[in-house]
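K.L.:
Before I ask anything, here is the structure I am working with.
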Amino acid sequence: MAFASIKDIASAKRIVVKVGSALLVRDGKPDTPLIQSLAQDLAGLRNNGTQIIVVSSGAIALGASRLKFPKGGRASLSDAQAAASVGQVALAQLWANVLGEHDLIAAQMLVTLDDLEDRRRYLNAAATLDRLLEAGAVPVVNENDSVATEEIRFGDNDRLAARVAQAGNADAVLLLSDVDGLYDKQPSEEGAVLIERVEGVTPEIIAMATSDSSSGMGSGGMLSKLQAARIAERAGIALAIINGTQSSPITRAVDANRGTIFLPVRSDNARKSWLGGRIALEGVLSVDAGCVSALQGGASLLAAGLTEVEGEFQRGALVSLHGPKGERLGQGLVEYSSEECRAILGLSGAEQEAKLGYAPRAAVVHRDHMVPD
């Protein structure tokens, strides 16, 4: 369906609702009244025919309180993993209880970054989500922090929600925040204006948020929400940010038409949508101005246009593509290792064969395995 404003969220066919730690947990305990009112909102959407997927934070915060860990369980990686192990049980029970009050069945799904970066595992997750929704359950998804490390994790549930929306074939993502949406500067500053509608997350939009901008405790800020919006918008999925700090937050936002909605800018096919949403980059390929023009025209990346290779990677790795001024052009799956890329840097096809000792592949990054920004 087409979205134009926050009000349209109420008529979504399938939606992902992300709830952060700051909204779910207060002083180490669940904010039961707020969660119950949110569950009522979700039940209302379900009664109107909307299928719901919940992406929920809170496991580390709940577990740290029960284990009496310092710094909310984030003093060390081992503390966070242990706290998550305890908190995941509490979080699943919490959602089962509040949704059960409305005769809704909660289903827990714990995923890691690798589960959604690997194509086969991504499709498995997609199939599970689809079957659960078909059966009438409400999947409650969280990153599996009990096994995730700094190197292999999403880092925030905003981007996880966008990736889950892709896997779950949702038409909208709803991020509950501690502010009404995206402002043109810090919401606390005088004269800050709420941006109600965004058509494309441009560098100018990114500049409105900084890494320390407010949007709740936990690991996500407004910048992470814009990154989530970029993932969603390329997959033809609308994303909205609303204030989740008051009771019945979804109903309030829809009735008041209050929040920020990011409209989809294109709808890539399923594989390119998955590829464009991947975030575990292993290297950077820089190209010259002529290659930039070719790529923008839909061409593959050839070795002749390569100017620099960063990182160490093998064939099939996900790499970022940059122009001569460092501007990001997109990302794709590379056909050569980093060592081979450096060997054929700037070479023509005939020169590549002489350098490598075998016939070169059609491209360094083929257009079928590339997603532009």
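K.L.:
From the list Gly330, Gly298, exactly one residue is in a loop (DSSP other than H, G, I, E, B) and outside the structural domain of Glu117 (by the TED database). Which is it?
P.N.:
On the way: Gly330 fails: in a loop (DSSP other than H, G, I, E, B).
After ruling out the rest, the residue left standing is Gly298.
K.L.:
Scan segment 341-366 for residues that are of a type in the set (D, E, K, R), part of a helix (DSSP H, G or I) and modelled with pLDDT under 95 and report the count. Spell out how you get there, then give the answer.
P.N.:
We begin by selecting, within segment 341-366, every residue of a type in the set (D, E, K, R); these are 342, 351, 353, 355, 361.
This time we only want the ones that are part of a helix (DSSP H, G or I), so: 342, 351, 353, 355.
Cutting the leftovers down to modelled with pLDDT under 95 gives us 351, 353, 355.
Residues that pass the stated criteria total 3.
K.L.:
To continue, here is another question. Can you find even one residue in segment 336-347 that is within 14 Å of Gly283 (Cα to Cα) and of a type in the set (A, V, I, L, M, F, W, C)? Lay out the reasoning, then the answer.
P.N.:
Our first condition is that a residue be within 14 Å of Gly283 (Cα to Cα); within segment 336-347, this holds for 336-342.
Going one step further and asking which of them are of a type in the set (A, V, I, L, M, F, W, C), we end up with 341.
So far as segment 336-347 goes, yes, one or more of its residues are within 14 Å of Gly283 (Cα to Cα) and of a type in the set (A, V, I, L, M, F, W, C).
K.L.:
Can you find even one residue in segment 232-249 that is closer than 17 Å to Leu333 by Cβ and not small (Gly, Ala, Ser)?
P.N.:
The answer is yes; a qualifying residue exists.
K.L.:
Turning to a different aspect of this structure: Within the bounds of segment 124-133, is there any residue that is of a type in the set (A, V, I, L, M), in contact (Cβ under 8 Å) with a residue 24 or more places away in the chain and out of contact with any helix residue (DSSP H, G or I) (no Cβ under 7 Å at 6 or more places or on another chain)?
P.N.:
Yes, segment 124-133 contains at least one residue that is of a type in the set (A, V, I, L, M), in contact (Cβ under 8 Å) with a residue 24 or more places away in the chain and out of contact with any helix residue (DSSP H, G or I) (no Cβ under 7 Å at 6 or more places or on another chain).
K.L.:
Name the pairs whose Cβ atoms lie under 7 Å apart, with the first residue in segment 182-194 and more than 17 Å from Ala229 (Cβ to Cβ), the second modelled with pLDDT of 85 or more, and 6 or more positions between them or separate chains?
P.N.:
As it stands, the answer is Lys185/Ala192; Gln186/Ala192; Pro187/Val179; Ala192/Tyr183; Ala192/Asp184; Val193/Tyr183; Val193/Asp184, since those pairs meet every condition given.
K.L.:
While we're looking at this one, here's another question. Starting from segment 265-280, keep only residues that are open to solvent by less than 30 Å² (accessible area, probe 1.4 Å), then list their pairs with residues that are part of a loop (DSSP other than H, G, I, E, B) and of a type in the set (Gly, Ala, Ser) whose Cβ atoms are within a distance under 9 Å, requiring at least 6 positions of separation or different chains.
P.N.:
Hits for this filter: Ser273/Gly236.
K.L.:
I need the full set of residues from segment 186-202 which are closer than 17 Å to Ile261 by Cα, part of a loop (DSSP other than H, G, I, E, B) and open to solvent by 60 Å² or more (accessible area, probe 1.4 Å), in order please.
P.N.:
Answer for segment 186-202, where residues must be closer than 17 Å to Ile261 by Cα, part of a loop (DSSP other than H, G, I, E, B) and open to solvent by 60 Å² or more (accessible area, probe 1.4 Å): Val193, Glu196.
K.L.:
When the residues of segment 334-362 are narrowed to those that are of a type in the set (A, V, I, L, M, F, W, C) and touching a strand residue (DSSP E or B) at 6+ places or on another chain (Cβ under 6 Å), which ends up most open to solvent (accessible area, probe 1.4 Å)?
P.N.:
The extreme case among them is Leu345.
K.L.:
Of the numbered conditions (1) more than 23 Å from Gln227 (Cα to Cα); (2) within 27 Å of the chain's Cα centre (by Cα); (3) in a strand (DSSP E or B), Gly316 satisfies every one except a single condition; which is it?
P.N.:
The failed condition is (3).
K.L.:
Would you point out which residue out of Ile242, Ile250 is under 23 Å from Asn48 (Cβ atoms), modelled with pLDDT of 95 or more, open to solvent by less than 40 Å² (accessible area, probe 1.4 Å) and not in a strand (DSSP E or B)? Spell out how you get there, then give the answer.
P.N.:
On the way: Ile242 fails: not in a strand (DSSP E or B).
The match here is Ile250.
K.L.:
Right, another one. Just checking, which of Thr50, Thr32 is modelled with pLDDT under 95 and of a type in the set (S, T, N, Q)?
P.N.:
That would be Thr32, the only listed residue that is modelled with pLDDT under 95 and of a type in the set (S, T, N, Q).
The values are calculated or read from the model by the stated rules, or taken from the named source; none is laboratory data. Owing to the predicted nature of the structure, the values given are computational and were not obtained by experimental measurement. Counting neighbours? That spans all protein chains shown, and the Cβs are built from the backbone with ideal geometry, glycine included. Ligands, DNA and RNA are stripped out before the accessible areas are found, and what is left, the full protein with its side chains, is counted by its heavy atoms. Shrake-Rupley method; radii C 1.70, N 1.55, O 1.52, S 1.80 Å.
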